[in-house]
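First comes the structure, then the notes that go with it.
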Amino acid sequence: MWHVISEYELILQARTKVAEALTLVVRQRREEYNEGKEKKSDMLGALLASGDHFSDEQIVDFLLALLVAGYETTSTIMTLAVKFLTETPLALAQLKVRNKPKQPL
């Protein structure tokens, strides 16, 4: 018997794989943090150093949310910016003037 995998199931499988990979990273960094090794100044380092005692699962969920939100919002904003600039020649001209190199390349 065939089992048709829905798009939702594929998304859940992908999320699980990413969460598993992030969990390994979080565990490793937590061990390094607890051993007093060099502290890294990134989002994960900030979460570990916050004193809020987040669980690994909470940190992974937070990082997944940032990953998805960051990806979606960045691509959407870039698309809208390009669309706006192509539809508004004056704005494009002003942007070119503001970002004109001071010296020729």
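Summary of computed values
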item	result
Distance between modelled label sites at Q28 and Q94, nm, 7 Å Cα→Cβ extension	4.7 nm
Radius of gyration, Dmax [the stretch 58-105; alpha carbons; angstrom]	16.9, 50
Length-normalised contact order for the chain - Cα pairs under 8 Å, 6+ apart - percent	21 percent
Qualifying lysines (Cα of each under 17 Å from Cα of K96; at least 8 residues distant if same chain)	K83
The chain: DSSP helices with Cα axial extent of at least 15 Å and average Kyte-Doolittle hydropathy no lower than -1.0	7-34, 56-87
Extension gain from K17 to Q58, taking 0.36 nm per residue of separation minus the Cα-Cα distance	13.1 nm
Radius of gyration and maximum dimension Dmax of the chain, Cα, Å	21.5, 68
Mean ellipticity per residue at 222 nm, deg cm²/dmol - from DSSP H runs of n ≥ 4 across the chain, formula -39500 (n - 2.57)	-25000 deg cm²/dmol
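Laboratory data are not the source of any read-out in this text; all were calculated from the coordinates shown. All values derive from a computational prediction rather than experimental measurement. Don't worry about glycine lacking a Cβ; one is built from the backbone with ideal geometry, like all the others, and counts go over all protein chains shown.
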